[in-house]
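The values are calculated or read from the model by the stated rules, or taken from the named source; none is laboratory data. These figures come from a predicted structure and were not determined experimentally. Note: ideal-geometry Cβ built from the backbone for every residue, glycine included; neighbour counts use all protein chains shown. Just the protein is used for accessible areas: all its heavy atoms, side chains included, with ligands, DNA and RNA removed. Shrake-Rupley method; radii C 1.70, N 1.55, O 1.52, S 1.80 Å.
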Amino acid sequence: MVVLGIETTCDETAAALVERPAEGPGKILSNIVLSQIVEHAAFGGVVPEIAARAHVERLDMIIAEAMAEAGVAFSAIDGVAAAAGPGLIGGVIVGLTTAKAIALVQEKPLVAVNHLEAHALTARLTDGTPFPYCLFLASGGHTQIVAVLGVGNYVRLGTTVDDAIGEAFDKTAKLLGLGYPGGPLVEREALSGNPARFALPRPMMGRPHADFSLSGLKTALRLEAERVAPLSDEDVRDLCASFQQSVVDVVADRLRAGLKMFRDRFGKPTALVAAGGVAANEAIRKVLHRVAFEGGTALVVPPPILCTDNGAMIAWAGAERLALGLTDTLASVPHARWLLSDVKGPPKTATAPAGTPPPETFRKVVEAAKTPQVPEIEEPEPQ
Ligand code: KG4
Ligand code: ZN
């Protein structure tokens, strides 16, 4: 099964072709990611309108490039998947509408993929990790520990009560004048800094639940930076190293609590899996190894290019859903918000049909196209 995946929920315009065999990991035939960093850098963060326009301008070209690199014709794909949220609504509309157009013209099944589900299933694309596993999802907008029990079957064990980890990295970078996106820049500075120089807090450490809190850490960092200002290069490096060390300690502690909750409720996980842009951080990857080892479970961390937003993860999630007959109509709606726990899976009694999706999928796509409906578009999140 070969699926085209389209990702436009934030500031990456991405398309990929992925092949899903009947069993085991997938094969990435192409994976084109165009970052919009240049467009947003001057503003110190993603500007939703600029992002949406940039997606409109580039997406056709990116899809054409992905098709060409894979050497696959539209007529040969088995389905088209797009991230239908959660994300910046303008970008989501661009990706989903483009996927609908391809599905309609090529008479292919459409899969409207939840972006978080795509991050959650990436370990199956790279490593064929069997269910159930414990997911640590840490990106710019989300920080969650999730029990991944099956496609469309997710139980959230912990989340952040305020900022996401990626957001904390981004805000730290902004505060220290490092630029955008912050994660990789803070990591680079931290490499040669002293992590013990500033005594920053470790919020939520030792609590029995698996929730995170990052805003107190951010405030403590700001106060320390103000205290030693004007900042020398060494101060910046030490602040970054101290901040990153605090995050690393918190991640280790929260994951230990999350793994315990997982075992108590669902038994032993097949693996601890990391996903989302923050999982590209080497110091965090290192501590994940330790936590998994202590917990007696395997660790699966996709390569950095598949941790940050990409089209391959959308294509793979689309293929997983397609293989279960989970397709969507042209009336499917873009979402600014869409909880992982609200993603629908197969009916509990259904067994997975192997291979191509049922023929009614094609009829549904064409029928839906004949009766145009104005989709109800959600209000965008306040920016
Ligand atoms: O998953 P992702 O590409 O996009 C979202 O869905 O948010 O994650 C982007 C986030 C940004 O906040 C970025 O600063 C963070 O991941 N990030 C990192 C690193 N690389 C990306 N954070 C820490 N260290 C990194 N090396
Ligand atoms: Zn993401």
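Identify the single condition in (1) assigned to a helix (DSSP H, G or I); (2) in contact (Cβ under 8 Å) with a residue 40 or more places away in the chain that Val248 does not satisfy, given that it satisfies every other one.
Every condition holds for Val248 apart from (2).
Is it true that Pro201 is more than 16 Å from ligand 1 (Cβ to nearest atom) and more than 15 Å from Gly277 (Cβ to Cβ)?
yes
Consider Val287 carefully, then state whether it is outside any loop (DSSP other than H, G, I, E, B) and either of a type in the set (Phe, Trp, Tyr) or under 18 Å from Gly140 (Cβ atoms) (or both).
In short, no.
Do you know which of the residues in the range 82-119 that are outside any helix (DSSP H, G or I), over 11 Å from the mean Cα position of the chain (by Cα) and not charged (D, E, K, R) is surrounded by the most Cβ atoms within 10 Å (Cβ to Cβ)?
Per the stated criteria, the residue is Ala82.
Please verify whether Leu306 is within 16 Å of ligand 1 (Cβ to nearest atom), assigned to a helix (DSSP H, G or I), over 19 Å from Leu217 (Cβ atoms) and of a type in the set (A, V, I, L, M), treating the condition exactly as stated.
Yes; evaluated as a whole, the condition is true for this residue.
From the list Leu259, Leu255, Leu272, pick out the single residue that is in contact with a strand residue (DSSP E or B) (Cβ under 9 Å, 6 or more places away or on another chain), closer than 21 Å to Ala168 by Cα and open to solvent by less than 10 Å² (accessible area, probe 1.4 Å).
Leu255 is the lone residue from the list that is in contact with a strand residue (DSSP E or B) (Cβ under 9 Å, 6 or more places away or on another chain), closer than 21 Å to Ala168 by Cα and open to solvent by less than 10 Å² (accessible area, probe 1.4 Å).
Which one is farthest from ligand 2 (Cβ to nearest atom), of the residues in the range 275-290 that are buried (at least 22 other Cβ atoms within 10 Å of the Cβ) and more than 13 Å from Ala123 (Cα to Cα)?
Leu288
Is there any pair linking a residue in the range 63-81 that is open to solvent by less than 40 Å² (accessible area, probe 1.4 Å) to one that is part of a helix (DSSP H, G or I) and of a type in the set (Lys, Arg), with Cβ under 9 Å and at least six apart or on different chains, and which?
Pairs that qualify, where the first residue is open to solvent by less than 40 Å² (accessible area, probe 1.4 Å) and the partner is part of a helix (DSSP H, G or I) and of a type in the set (Lys, Arg), are Gly79/Arg321; Val80/Lys100; Ala81/Arg321.
Take the residues in the range 1-42 that are in contact with a helix residue (DSSP H, G or I) (Cβ under 6 Å, 6 or more places away or on another chain) and at pLDDT below 95, then tell me which one is farthest from ligand 1 (Cβ to nearest atom).
Result: Glu39.
Thr329 passes all but one of (1) open to solvent by less than 10 Å² (accessible area, probe 1.4 Å); (2) away from ligand 2 (no atom under 16 Å from the Cβ); which number fails?
Unmet condition: (1).
Just give me the residues in the range 136-152 being touching a strand residue (DSSP E or B) at 6+ places or on another chain (Cβ under 9 Å) and more than 13 Å from ligand 2 (Cβ to nearest atom), in sequence order.
Of everything in the range 136-152, those that are touching a strand residue (DSSP E or B) at 6+ places or on another chain (Cβ under 9 Å) and more than 13 Å from ligand 2 (Cβ to nearest atom) turn out to be Phe136, Ile145, Val146, Ala147, Val148, Leu149.
Among Gly128, Gly141, which is the only one that is out of contact with any Ser or Thr (no Cβ under 7 Å at 6 or more places or on another chain), among the small types (Gly, Ala, Ser) and within 23 Å of Asp11 (Cβ to Cβ)?
Residue meeting the stated conditions: Gly141.
Would you confirm, using the coordinates I've provided, whether Asp264 is in a helix (DSSP H, G or I), surrounded by 15 or more Cβ atoms within 10 Å (Cβ to Cβ), free of Cβ contacts under 8 Å to residues at least 12 places away in the same chain and more than 16 Å from ligand 1 (Cβ to nearest atom)?
It is false that Asp264 is in a helix (DSSP H, G or I), surrounded by 15 or more Cβ atoms within 10 Å (Cβ to Cβ), free of Cβ contacts under 8 Å to residues at least 12 places away in the same chain and more than 16 Å from ligand 1 (Cβ to nearest atom).
So which of Ala123, Ala101, Ala147, Ala84 is without any contact (Cβ under 8 Å) to a residue 24 or more places away in the chain and of a type in the set (Gly, Ala, Ser)?
After applying the criteria, what remains is Ala101.
Determine which member of the set Arg207, Arg188 is more than 30 Å from Asp264 (Cβ to Cβ) and open to solvent by 70 Å² or more (accessible area, probe 1.4 Å).
After ruling out the rest, the residue left standing is Arg188.
Have a look at Ala279, Ala257, Ala274 and point out the one that is outside any helix (DSSP H, G or I) and touching a residue at least 40 places away in the same chain (Cβ under 8 Å).
Matching residue, one of Ala279, Ala257, Ala274: Ala274.
On the given criteria, is Leu221 part of a helix (DSSP H, G or I), of a type in the set (A, V, I, L, M) and farther than 25 Å from Ala298 by Cβ?
Criteria met by Leu221.
Ala283 is checked against (1) more than 16 Å from ligand 1 (Cβ to nearest atom); (2) over 23 Å from Pro132 (Cβ atoms) and fails just one. What number does that condition carry?
It fails just one condition, (1).
Mind listing whichever residues of the range 135-153 are part of a loop (DSSP other than H, G, I, E, B) and under 13 Å from the mean Cα position of the chain (by Cα)?
Ser139, Gly140, Gly141, His142
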